[in-house]
1. Only one of these conditions is not met by residue 227: (1) open to solvent by 20 Å² or more (accessible area, probe 1.4 Å); (2) of a type in the set (Phe, Trp, Tyr); (3) closer than 20 Å to residue 136 by Cβ. Which number is it?
2. Restricting to the range 192-224, and then to whatever is polar (S, T, N, Q) and under 22 Å from residue 125 (Cβ atoms), can you tell me which residue is surrounded by the most Cβ atoms within 10 Å (Cβ to Cβ)?
3. Can you find even one residue in the range 334-342 that is among the aliphatic types (A, V, I, L, M), open to solvent by 40 Å² or more (accessible area, probe 1.4 Å) and either in a helix (DSSP H, G or I) or at pLDDT below 85 (or both)?
4. Specify the residue that is modelled with the lowest pLDDT; the eligible residues are those in the range 3-59 that are outside any helix (DSSP H, G or I) and either within 30 Å of residue 86 (Cα to Cα) or touching a Cys at 6+ places or on another chain (Cβ under 7 Å) (or both).
5. Residues to consider are 75, 114; find the one that is under 30 Å from residue 323 (Cβ atoms) and either among the basic types (Lys, Arg) or surrounded by 14 or more Cβ atoms within 10 Å (Cβ to Cβ) (or both).
6. Among the residues of the range 143-168 satisfying the criterion of being more than 24 Å from residue 85 (Cβ to Cβ) and open to solvent by 50 Å² or more (accessible area, probe 1.4 Å), which is modelled with the lowest pLDDT?
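The values are calculated or read from the model by the stated rules, or taken from the named source; none is laboratory data. Nothing here was measured: the structure is a model prediction, and the numbers come from that model. Cβ: placed from backbone, ideal geometry, glycine included. Neighbour counts: every protein chain shown. Ligands, DNA and RNA are excluded from the accessible area calculation, which covers all protein heavy atoms including side chains. Shrake-Rupley method; radii C 1.70, N 1.55, O 1.52, S 1.80 Å.
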Amino acid sequence: MSMRRLGASILFGLLAPGLAGSAAAQIAPRLTGTTVVAELEVAQHELAARAVGLPASSLGATGERLAGMADTLRKTLGGDAGKPLDILDANAKASAYRAHAVVQRIKAFLDASKGCLDADANAMADALGSTVAQVAAVSGSAKLPPVIDGVETADHRPLFVLRNGSKEMSFALVGANLLDAQCEDPAITATDAQGRRQEVQPSVTGISPNRIELKLAGDARLQSGSYVLHVVPKHKAFLVGCKAQPEAVAAVEVAPSAKVSVSYTLTATCRAGKGADQVMPPVAGTMPDFTGNGTVSQQVDTASCTDPVSYAISAKAIFGDGHAVSVGPISQIASAGITAGLPGGLSLSWDPSVRQLFVRPGATSCKGVY
């Protein structure tokens, strides 16, 4: 083999892995009106499935509103439904991008509400419903339509519910076309669901075309219900300067902490001598109210059993909406701990070494509440 051929073979061998990688790479297809309508239909179906486990939630009404959005979008698109969104006329493009943003918010809800207490999941559903209602009511077209497809915490967790507290709250609106660097910053206003201006307004701490970072003071007392954020950016156009665009909206819900009351019964079995065991009278009590954050504990007096053989525990959890769940009795030898799972990712644990009961949030605790 000639040196030229050998060099070419070596060069091809070096490039081949890169070429193979390029061939394997996939680029997402461009969004079309048909795609967005299908997204809305899938989202409606998934919300209906989620609503089965949350019968008291607003998900049913939100699903109906999604169906209305899909019908309206079909009519708006007409014969252009199969075209990429970016080549549609401004009105159809803006409507389609808003609908696509709603779908992203629904996906975040479905993920973040897993493992939530029903009260928290219902509050998250209200935030989602308010968002869908507000977006459906927005009108106006733009060459670069501003949209908000997510609200998230500073560490990028999806956010649906805010709670009043003593700590400063920082969160962000995520979307597209929220800032034109050639124009002044967008106007940002917080209202309730009816459009009345909230007493507590957020302050902007950072801004870019696809992200607006906001802060609420630690002493801010928010009004319960929907906290709707309206963003009106400006866009610079030839000859006319910076012009206000249609607003982009998103909503979170302000709700109190979901409380859980846990009552328990701990029964000790003790050595009574001569090979006999004695079941002691049960010790009953109630744990401090659990609000979904941190851990609560309770000391249990088992001094009457000086030589325990085993422990058994039963518990009843009563949730803020009134429904109750019972677990147990669960037994273990005296040297072993006992852990009982409760709904919402909670657990009740008995630690015999310190004679304490604990209620803890689990790894699947609610992610959409701040």
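1. (1)
2. Here is the first cut: in the range 192-224, the ones polar (S, T, N, Q) are 194, 198, 201, 203, 205, 208, 210, 223-224.
Subset that is under 22 Å from residue 125 (Cβ atoms): 194, 198, 223-224.
On the way: 194: 8, 198: 19, 223: 14, 224: 12.
Top of the filtered list is 198.
3. Within the range 334-342, the first condition is being among the aliphatic types (A, V, I, L, M), and the residues that meet it are 334, 336, 338, 340, 342.
Applying the additional criterion that residues be open to solvent by 40 Å² or more (accessible area, probe 1.4 Å) yields none.
Scanning the range 334-342 turns up no residue that is among the aliphatic types (A, V, I, L, M), open to solvent by 40 Å² or more (accessible area, probe 1.4 Å) and either in a helix (DSSP H, G or I) or at pLDDT below 85 (or both).
4. Quick first cut of the range 3-59, residues outside any helix (DSSP H, G or I) only: 25-32, 53-58.
Subset that is either within 30 Å of residue 86 (Cα to Cα) or touching a Cys at 6+ places or on another chain (Cβ under 7 Å) (or both): 25-32.
Values: 25: 56, 26: 79, 27: 80, 28: 77, 29: 83, 30: 86, 31: 88, 32: 92.
Per the stated criteria, the residue is 25.
5. Working: 75 fails: under 30 Å from residue 323 (Cβ atoms).
Result: 114 is the single residue among 75, 114 that is under 30 Å from residue 323 (Cβ atoms) and either among the basic types (Lys, Arg) or surrounded by 14 or more Cβ atoms within 10 Å (Cβ to Cβ) (or both).
6. Taking the candidates together, the pick is 166.
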